[in-house]
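**Q** After the structure tokens below, expect a handful of questions from me.
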Amino acid sequence: MIVSVLGLTIVSFSSLSGNAQNLGGNINTEGDEYINYILPESKGIVFTRRNITEFVYTSEIVDDNFMPAKPLNINCLYDRGIGAACFTSDLQRMYFVGIDYPDGLGRGDIYYSDYIDNQWVTPVNIGKPINSVTMESQPYLSADGKELYFVRDTRQYKSNLYFSRYSQGEWSVPTAIGVTNTRFGEMSPFVNSKGTILYFASEGHDGMGGYDIFMCRRLSDGSWGEPENLGEPINSSKNEISFRVSADGRKCYVSSDREGGIGGFDIYIFDFQEVDVPTTIDTTPFVMRDIHFEFDSSTLMESSYLSIDSLANYLKDNMFVNIHISGFTDDSGTDEHNLKLSVARAESVKNALVSRGVADSRISVAGYGAEHPVAPNDNESDKAKNRRVEVSLLLGTSY
């Protein structure tokens, strides 16, 4: 089967100095700072600062240095706190969270304000169906302005991710992003500028500690694939709760309460790279020819290594491809023996690939014993066909 995923992007990242780089005292305080938005051409950042109340701040970037943070100039809102903010691509409309506003439908609602005559005008509640009697927060608008992602607290779960599409002048009824949501907390949705990757924070998926940053890839049908933990150095044993990538894909920011910070949640920066890769591969399982084992053993024969070397070289040249190795036997011996032998043989091939520099995490294995024969087990020639190792190519992620 040929599988194509449009716009597949692999990501890699490293800290600017080998460890997470704290943005320092011009940005971070003893309170909490949450990264919200990166301005076009990476000219500055927008973030939320929370001490007793929340307010949105900006910092200009000059010669790679972050200037002292200033409150966003929203005169009409100085007497009210405002939470996480995002903007349309032309910076003429801002969406943000208003807490306990008089016209709110719930404790927290999403509002918008337009930039007119060099100022932000009185905000408007975005209304139903986005807002509800519960709390909506942390909006993020896709680059094309057609999808709004946000967090909704629910009666059943702590907080989940939702999105709504804009069409014919109105927002659709929000839909929960099922693949991301758990019965614990999810927050801070962010979609990269290409619309191909959804990043979010979660304490419900397998993580390294507390909240971690995860990513999902957009599949060819528009849905999102299974979440993947970004791992170190982005995540730590503490909490990482918001994540943003610059439009050029060269920098990323994360808010974390990891050790060594100034106080509470601080904002950190990393070098980052998003790389588009070929996205059409044949995922039809294929038999590895010339793979031979000692009799009734998982020990590879010397004649097998030419094929293994070839596969290892392919995988090192195509870092976006993972593989699944399946082991099979003929029907000689008991079912239990054949199953164990088939697993051990698949593991032997995996170990040979790992010893040649292929990451262990890119290879999964399974054994099926005498199941799924490709020929009748009624003569030695056909039995030999059933004693095989198959490989499936999988679209994956390289870090």
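The values are calculated or read from the model by the stated rules, or taken from the named source; none is laboratory data. Treat the numbers as computed from the prediction; the structure is a model and nothing was measured. Please note: Cβ atoms are built from the backbone with ideal geometry, for glycine as well, and neighbour counts cover all protein chains shown. Protein only, heavy atoms only, side chains kept; ligands, DNA and RNA dropped before computing areas. Shrake-Rupley method; radii C 1.70, N 1.55, O 1.52, S 1.80 Å.
**Q** Anything in the stretch 44-73 that is within 23 Å of SER89 (Cα to Cα) and surrounded by fewer than 12 Cβ atoms within 10 Å (Cβ to Cβ)? List them, or say none.
**A** Answer for the stretch 44-73, where residues must be within 23 Å of SER89 (Cα to Cα) and surrounded by fewer than 12 Cβ atoms within 10 Å (Cβ to Cβ): VAL62, ASP64, LYS70, ASN73.
**Q** All but one of (1) farther than 25 Å from GLY104 by Cβ; (2) surrounded by fewer than 19 Cβ atoms within 10 Å (Cβ to Cβ) hold for TYR199; which doesn't?
**A** (2)
**Q** Now for a separate question. Here are some conditions: (1) within 24 Å of THR88 (Cβ to Cβ); (2) assigned to a loop (DSSP other than H, G, I, E, B). ASN235 meets all but one. Which one does it not meet?
**A** Going through (1) within 24 Å of THR88 (Cβ to Cβ); (2) assigned to a loop (DSSP other than H, G, I, E, B) one by one, ASN235 breaks only (1).
**Q** Sticking with this structure for a sec: Under the condition of being assigned to a loop (DSSP other than H, G, I, E, B) and crowded, with 16+ Cβ neighbours inside 10 Å, which residue from the stretch 263-276 is farthest from the chain's Cα centre (by Cα)? If you could, list the steps in order and put the result at the bottom.
**A** First, the residues of the stretch 263-276 that are assigned to a loop (DSSP other than H, G, I, E, B): 263-265.
Adding the requirement that they be crowded, with 16+ Cβ neighbours inside 10 Å leaves 264-265.
Details: GLY264: 24, PHE265: 21 Å.
So, considering only residues that are assigned to a loop (DSSP other than H, G, I, E, B) and crowded, with 16+ Cβ neighbours inside 10 Å, the one farthest from the chain's Cα centre (by Cα) is GLY264.
**Q** Only one of (1) open to solvent by 40 Å² or more (accessible area, probe 1.4 Å); (2) assigned to a strand (DSSP E or B); (3) among the aliphatic types (A, V, I, L, M) fails for VAL254. Which number is that?
**A** Just one mismatch for VAL254, condition (1).
**Q** Let me ask something else. Could you grab me the full set of residues in the stretch 294-335 that are outside any loop (DSSP other than H, G, I, E, B), exposed (fewer than 15 other Cβ atoms within 10 Å of the Cβ) and of a type in the set (Phe, Trp, Tyr)?
**A** In the first step, residues of the stretch 294-335 are kept if they are outside any loop (DSSP other than H, G, I, E, B); the result is 300, 302-317, 321-328, 335.
Cutting the leftovers down to exposed (fewer than 15 other Cβ atoms within 10 Å of the Cβ) gives us 302-303, 306, 309-310, 313-314, 316-317, 335.
Answer for the stretch 294-335, where residues must be outside any loop (DSSP other than H, G, I, E, B), exposed (fewer than 15 other Cβ atoms within 10 Å of the Cβ) and of a type in the set (Phe, Trp, Tyr): just TYR314.
**Q** Checking ILE177 against (1) more than 23 Å from TYR211 (Cβ to Cβ); (2) touching a residue at least 40 places away in the same chain (Cβ under 8 Å); (3) of a type outside the set (Ser, Thr, Tyr), which test does it fail?
**A** (1)
**Q** Return the pairs, sorted by first residue and then second, in which the second residue is open to solvent by less than 30 Å² (accessible area, probe 1.4 Å) and of a type in the set (D, E, K, R), the first residue lies in the stretch 19-38 and is more than 21 Å from THR53 (Cβ to Cβ), the beta carbons are less than 6 Å apart, and the residues are 6+ apart or on different chains.
**A** ASN22/ASP266; ILE38/ARG244
**Q** Would you tally the residues in the stretch 336-369 being touching a helix residue (DSSP H, G or I) at 6+ places or on another chain (Cβ under 6 Å), of a type outside the set (Gly, Ala, Ser), over 17 Å from MET301 (Cα atoms) and crowded, with 20+ Cβ neighbours inside 10 Å?
**A** 3
**Q** Would you point out which residue out of GLU240, GLU226 is at negative phi, loosely packed, with under 13 Cβ neighbours inside 10 Å and not polar (S, T, N, Q)?
**A** Details: GLU240 fails: loosely packed, with under 13 Cβ neighbours inside 10 Å.
None of the others qualify; the one that does is GLU226.
**Q** Residue by residue through the stretch 372-397, note down the ones that are surrounded by fewer than 15 Cβ atoms within 10 Å (Cβ to Cβ) and in a loop (DSSP other than H, G, I, E, B).
**A** Hits for the stretch 372-397 are HIS372, VAL374, ALA375, PRO376, ASP378, ASN379.
**Q** Find the residue count for the stretch 214-223, including only residues that are touching a residue at least 40 places away in the same chain (Cβ under 8 Å) and open to solvent by less than 40 Å² (accessible area, probe 1.4 Å).
**A** So the first thing to find is which residues in the stretch 214-223 are touching a residue at least 40 places away in the same chain (Cβ under 8 Å), and the list is 215, 217-220, 223.
Remaining after also requiring open to solvent by less than 40 Å² (accessible area, probe 1.4 Å): 215, 217.
So the count comes out to 2.
**Q** What do you reckon, is ILE116 aliphatic (A, V, I, L, M), surrounded by 14 or more Cβ atoms within 10 Å (Cβ to Cβ) and either in contact with an Asp or Glu (Cβ under 9 Å, 6 or more places away or on another chain) or over 15 Å from SER188 (Cβ atoms) (or both)? Spell out how you get there, then give the answer.
**A** Numbers: aliphatic (A, V, I, L, M): yes; surrounded by 14 or more Cβ atoms within 10 Å (Cβ to Cβ): no; either in contact with an Asp or Glu (Cβ under 9 Å, 6 or more places away or on another chain) or over 15 Å from SER188 (Cβ atoms) (or both): yes.
For ILE116, the condition - aliphatic (A, V, I, L, M), surrounded by 14 or more Cβ atoms within 10 Å (Cβ to Cβ) and either in contact with an Asp or Glu (Cβ under 9 Å, 6 or more places away or on another chain) or over 15 Å from SER188 (Cβ atoms) (or both) - is not met.
**Q** Right, here's the next one. Looking only at the stretch 168-186, which residues are in contact with a Cys (Cβ under 8 Å, 6 or more places away or on another chain) and open to solvent by 30 Å² or more (accessible area, probe 1.4 Å)?
**A** Of everything in the stretch 168-186, just one residue is in contact with a Cys (Cβ under 8 Å, 6 or more places away or on another chain) and open to solvent by 30 Å² or more (accessible area, probe 1.4 Å), namely VAL179.
**Q** Criterion first (in contact with a Phe, Trp or Tyr (Cβ under 6 Å, 6 or more places away or on another chain), closer than 19 Å to PHE190 by Cβ, crowded, with 19+ Cβ neighbours inside 10 Å and modelled with pLDDT of 95 or more) does ILE27 satisfy it?
**A** Details: in contact with a Phe, Trp or Tyr (Cβ under 6 Å, 6 or more places away or on another chain): yes; closer than 19 Å to PHE190 by Cβ: yes; crowded, with 19+ Cβ neighbours inside 10 Å: yes; modelled with pLDDT of 95 or more: yes.
Against the criterion (in contact with a Phe, Trp or Tyr (Cβ under 6 Å, 6 or more places away or on another chain), closer than 19 Å to PHE190 by Cβ, crowded, with 19+ Cβ neighbours inside 10 Å and modelled with pLDDT of 95 or more), ILE27 qualifies.
**Q** Taking the stretch 354-371 only, how many residues are farther than 13 Å from ARG388 by Cα and part of a strand (DSSP E or B)?
**A** Let us first name the residues in the stretch 354-371 that are farther than 13 Å from ARG388 by Cα, namely 354-365.
Narrowing the set further to residues that are part of a strand (DSSP E or B) leaves 363-365.
Qualifying residue count, the stretch 354-371: 3.
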